[in-house]
Amino acid sequence: MSARAAAATSAMIGLGAPLQSSTCSRADCKNAGRWRLDWRNPRIHSTDRVKTWLACDEHVEYLRDFLAARDFPLIVSELGTTPSPRGDEQ
Ligand SMILES: [Zn+2]
């Protein structure tokens with residue numbers, strides 16, 4: 001748990017826009033992000049328009065379910081790793 005602040009500062013991002021913050025995207029959560037969720041709303045975003053949320057361990061499932069329930073294309077990856085462009089779970 002203590003290493004996650006350092007991991008969140010990583011600039012090694014190969015997909016999506018630069019991250020604007022390093023904290024969890026869940027409202028009112030101040031935890032450092034450990035996971036990134038790259039997602040897109042097909043109704044309003046073109047294919048190259050990807051939004052990125054960060055999530056702490058506590059909220060990664062919540063945010064993933066939130067997006068999955070809307071059928072948004074979604075890639076969940078551990079921060080600091082390269083997201084799979086194919087979007088498969090795991
Ligand atoms: Zn959180």
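Just so you know, all these numbers are worked out from the coordinates, no wet-lab data involved. Source: prediction; values computed, not measured. Note: ideal-geometry Cβ built from the backbone for every residue, glycine included; neighbour counts use all protein chains shown.
Charges at C-beta only: +1 for Lys and Arg, -1 for Asp and Glu. How large is the resulting dipole of the stretch 21-78 about its Cα centre, in Debye rounded to 20?
In total the dipole reaches around 260 debye.
Counting other beta carbons within 10 Å of each residue's own, what order do Thr23, Thr52 fall into, fewest first?
Thr23, Thr52
Please rank Val76, Val50, fewest neighbouring Cβ atoms within 10 Å first, as an exposure proxy.
Ordered from fewest to most neighbouring Cβ atoms within 10 Å, Val76, Val50 come out as Val50, Val76.
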